[in-house]
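Worksheet: one structure, shown below.
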Amino acid sequence: MSRVLGRAGIDRTTRPGEEVQVERGPLGPVQFWRGGSRYVVGELLDSWLETAPWWQQHAGAAASGGASAELVASREVWRVEAVRAGRSRMSFAGVYDLSWDSAGNRWWLVRVHD
């Protein structure tokens, strides 16, 4: 089972998740900070590109007949196995989806898998 993180904003758009700080290595995230805790990535499980759903495009772009930048923009996502620093990977590892938003220059924790 997985839990998708995010919440509706004032403008009724969905925020992409919980903003986190990430240290990235040559192959992807190596550690991240969430709620004051540091998580160390033990294994990179998968990575892919996602595009925003077509129905989330701005009304202005749709009205003008042009393609929305959000519609064609993609974000990088990494599925990682990580553990809170100082804990045993064998007992306390979790699976997390981290997303890089290049337009906003931010990292997001978008899913936590149970």
- Message: For the range 44-56, which positions are more than 15 Å from Val110 (Cβ to Cβ) and at pLDDT 95 or above?
- Response: Leu44
- Query: Out of the residues in the range 1-23 that are at pLDDT 95 or above and either more than 13 Å from the chain's Cα centre (by Cα) or among the β-branched types (Val, Ile, Thr) (or both), which is most open to solvent (accessible area, probe 1.4 Å)?
  - Reply: Glu23
- Message: It is to be established whether one or more residues within the range 57-75 are surrounded by 16 or more Cβ atoms within 10 Å (Cβ to Cβ), part of a strand (DSSP E or B) and modelled with pLDDT of 95 or more.
- Response: no
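The values are calculated or read from the model by the stated rules, or taken from the named source; none is laboratory data. Note that this is a predicted model, so its numbers are computed, not measured. FYI the Cβ positions are ideal-geometry reconstructions off the backbone, even for glycines, and counts take in every protein chain you see. Protein only, heavy atoms only, side chains kept; ligands, DNA and RNA dropped before computing areas. Shrake-Rupley method; radii C 1.70, N 1.55, O 1.52, S 1.80 Å.
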